[in-house]
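For reference, the structure is listed below as C-alpha cells.
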Amino acid sequence: MRAFFVIVLIVAVAAGSVAYRDYRAFSETPLVQTATTLDVPMGTQLPGILRQLEQQDVRTGNALYWRLLARQMGVAGRLHAGEYALEPGTSPRALLAKMAAGEVIQHHFTIVEGWTFAQLRDALGRDTNLKQTLAARDDASIMRTLGAADIPAEGWFLPETYNYVKGMDDLDILRRAHEAMSKALDKQWNARAADLPLQSPYQALILASIVEKETGRPEERPQIAGVFLHRLKIGMRLQTDPTVIYGLGAAFDGNLRRADLDTDTPFNTYTRDGLPPTPIALPGSAALSAALRPAATDALYFVARGDGSHEFSPTLEAHNRAVAKYQLHHNR
C-alpha cells in the first residue's frame with residue numbers, strides 16, 4: 001500500500017510539473033504572427049476579451065491559464081478598455097501587462113501652420129479614428145461650446161501635433177488646440193517688445209496670421225513682421241496679397257489679378273487701412289513670436305526671389321529694382 005501511495009505521489013508531481021511547464025510556455029507564447037489591433041469596449045472582462053481575440057482568429061489557448069496568469073500578475077479586474085496594438089511576439093503575459101497599464105494606441109492629429117479654420121474642419125472630418133460631431137454645426141456654435149462666444153473661429157487654434165486615443169471626438173482636438181493657442185498668445189503678448197503699434201493680443205494674432213501666410217521660411221518671419229509693423233507705425237497700408245485672397249474666399253481661382261487687388265472687401269489691405277478684421281489663417285508659435293518680437297528693420301517692402309526667400313527694401317525705388325530683377329525677369 002505504501003508503494004502505491006508513493007507511485008501516486010510521483011505521478012501527481014510529474015503531472016504537476018508538466019502542467020506548470022505548459023502554463024509557463026503558454027504565458028510566453030506569441031499570440032500573433034502579424035500585427036493587428038484589439039479594441040476592447042468599456043466594461044469588458046477577461047472572458048469577453050478572450051472571446052474577442054478568438055473572433056479575430058487569435059488562438060488564445062487555455063482559459064484557465066489566462067485566469068491564473070491574471071491572478072499571478074495581480075491584474076485580475078484591472079484591465080483597461082481601449083485600443084491595443086498586438087505586435088508579432090506579443091505574449092499573453094505582455095498583453096495583460098499592457099492592458100493593466102492602459103498602454104492604448106496613441107493616434108496623432110497635426111494642425112498645419114497656415115491652415116484656415118475651414119481646412120482644419122475638413123481635416124478633422126477625414127480622420128476616421130475620431131468620433132465625428134461637428135458636421136452639422138457652424139463655426140459660431142463650435143466657438144460657443146468652447147467658451148468663446150461671439151469670437152470668430154479663424155486663427156484661434158494652435159498648429160501642433162495632438163495625441164489622442166480612439167473614442168475621442170473632433171471637438172476634443174479643437175478644445176485642446178484652442179486652449180493651447182490662448183495660452184501661447186497670452187505668453188507671447190506678455191513678453192512683447194516695447195512700442196509696438198498693436199493694441200491687443202487679438203491684433204497680434206491677426207498680424208501673426210499674415211506673417212504665417214507671407215513666408216514659409218522661419219528665419220524670415222521676424223523681418224516680415226518688422227516690415228508690417230513699420231508700415232502700421234507710419235500709417236501705410238499693409239498691401240499684402242494673402243489678405244486679398246482670404247477676402248475673395250471661394251471666388252479665388254488660384255490666380256491673383258490686378259482687379260482682385262482693386263476689389264474692396266473687409267480683408268483687402270490694398271483698399272483698407274490697418275489690419276484686417278480677423279486673422280486669415282492659423283499662425284504657429286514662431287509667427288506669434290515674430291509678430292510680437294520683430295526684427296528691427298527700416299524696410300517697407302519685400303518681393304519674392306523665386307526660391308522661397310524675399311528681397312527687402314527700404315524705399316519704393318529700391319523695391320521696384322528688386323521687382324524688375326526677380327519677378328519681371330522670372331516671368332519672361
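We did not get these values from a lab; they are worked out from the coordinates using the rules stated. Because the structure is a prediction, the values reported are computed rather than measured. Methodologically, a virtual Cβ is constructed for each residue, glycine included, from the backbone with ideal geometry; neighbour enumeration extends over all protein chains shown.
Which residues' amide hydrogens lie under 5 Å from the amide hydrogen of LYS166, considering only partners 5 or more residues apart or on another chain, with H built in the peptide plane?
Close amide H contacts, sequence-distant or interchain: GLU83, HIS107.
Relative contact order for segment 30-105: what percent, with Cα pairs under 8 Å and sequence separation of 6 or more?
After rounding, I find 46 percent.
Can you bin segment 178-287 into rounded, prolate or oblate? Criterion: square roots of the alpha carbon gyration tensor eigenvalues sorted a ≥ b ≥ c, rounded for a/c under 1.5, prolate for a/b above b/c, oblate for the rest. Intermediate results must be reported in sequence, preceding the final value.
Numbers: a/c = 1.87, a/b = 1.52, b/c = 1.23.
Prolate shape, in that a/c is at least 1.5 and a/b is the bigger ratio.
Can you work out ³J(HN,Hα) from phi for every residue in segment 249-264, in order, using Karplus 6.51 cos²θ - 1.76 cosθ + 1.60 and θ = phi - 60°, giving whole Hz and x for Gly and Pro?
Coupling constants for segment 249-264: x, 5, 6, 6, 9, x, 10, 7, 10, 4, 5, 5, 5, 8, 7, 6 Hz.
Going by alpha carbons, how many degrees (0 to 90, nearest 10) lie between the helix axis of 170-190 and the longest principal axis of the chain?
For 170-190 against the chain, the angle is about 50 degrees.
Could you run the Karplus curve 6.51 cos²θ - 1.76 cosθ + 1.60 with θ = phi - 60° over segment 314-320 and give me ³J(HN,Hα) per residue in whole Hz, x for Gly and Pro?
x, 10, 5, 4, 5, 5, 4
Before anything else, pin down the relative contact order of segment 110-176: Cα pairs under 8 Å, at least 6 apart, normalised by residue count, whole percent.
Details: 59 pairs, mean separation 29.4, N = 67.
Answer for segment 110-176 is 44 percent.
Over what distance in Å are the Cα centres of segment 101-154 and segment 224-268 separated?
A separation of 27 Å, based on Cα centres.
If you add up the charges near ASP260, with Lys and Arg at +1 and Asp and Glu at -1, over every other residue whose beta carbon is less than 12 angstrom from its beta carbon, what do you get? Let's see the in-between values first.
Numbers: positive: ARG257, ARG258; negative: ASP241, ASP253, ASP262, ASP264.
Once positives and negatives cancel, what remains is -2.
So what is the diffusion coefficient of the chain in µm² per second by Stokes-Einstein at 20 °C and 1.002 mPa s, using a Kirkwood Rh over Cα pairs? It would help to have the intermediate numbers written out before the result.
On the way: Rh = 24.7 Å.
For the chosen part, D equals 87 µm²/s.
Compute the angle between helix 63-73 and the longest alpha-carbon principal axis of the chain, please, reported from 0 to 90 degrees and rounded to the nearest 10.
Compared with the principal axis, the helix lies near 70 degrees.
Can you give the local net charge around ALA193? Use residues other than it whose beta-carbon is closer than 13 angstrom to its beta-carbon, Lys and Arg +1, Asp and Glu -1. Write out the running numbers ahead of the final one.
Working: positive: ARG192, LYS233, ARG293; negative: ASP195.
Combined, the nearby Lys, Arg, Asp and Glu give +2.
In µm²/s, what is D for segment 30-105 at 25 °C and 0.890 mPa s, where D = kT/(6 pi eta Rh) by Stokes-Einstein and Rh is the Kirkwood radius from Cα pairs?
Numbers: Rh = 12.2 Å.
Estimated via Stokes-Einstein, D reaches 201 µm²/s.
So which of LYS213/LYS233; LYS183/LYS213; LYS183/LYS233; LYS187/LYS213; LYS98/LYS166 end up more than 25 Å apart by C-alpha? Walk me through the numbers on the way to the answer.
Details: LYS213/LYS233 21 Å; LYS183/LYS213 22 Å; LYS183/LYS233 27 Å; LYS187/LYS213 22 Å; LYS98/LYS166 16 Å.
Exceeds cut-off: LYS183/LYS233.
For ALA225, what is the net charge nearby, where nearby means another residue's Cβ is under 15 Å from its Cβ and Lys, Arg count +1, Asp, Glu -1? Show your work: numbers first, answer last.
Values: positive: ARG192, LYS213, ARG217, ARG221, ARG231, LYS233, ARG293; negative: GLU113, ASP195, GLU212, GLU214, GLU219, GLU220, ASP298.
With Lys, Arg at +1 and Asp, Glu at -1, the neighbours total 0.
Express the relative contact order of the chain as a whole percentage, based on alpha carbon pairs under 8 Å and six or more residues apart in sequence.
On the way: 486 pairs, mean separation 49.0, N = 332.
Relative CO of the chain lands at 15 percent.
Per-residue ellipticity at 222 nm for the chain, helices alone: DSSP H runs ≥ 4 residues times -39500 (n - 2.57), over residue total, nearest 500 deg cm²/dmol? Let's see the in-between values first.
Values: 13 runs with 152 residues, N = 332.
Dividing the helical sum by the residues of the chain leaves -14000 deg cm²/dmol.
If the viscosity is 0.692 mPa s and the temperature 37 °C, what translational diffusion coefficient in µm²/s does Stokes-Einstein give for segment 49-183 when Rh comes from Kirkwood over Cα pairs? Working shown, then result.
On the way: Rh = 17.6 Å.
After rounding, the answer is 187 µm²/s.
For segment 120-130, just list the computed ³J(HN,Hα) in residue order, Karplus coefficients 6.51, -1.76 and 1.60, θ = phi - 60°, integers in Hz, with x standing in for Gly and Pro.
Those phi angles translate into 4, 4, 5, 5, 4, x, 9, 8, 6, 8, 9 Hz.
Give the calculated FRET efficiency between ASP307 and GLN33 to the nearest 0.05, with a Förster radius of 51 Å applied to their Cβ-Cβ distance. Mind dumping the intermediate values first?
Numbers: r = 50 Å, r/R0 = 0.98.
Plugging the Cβ-Cβ distance into 1/(1 + (r/R0)^6) gives 0.55.
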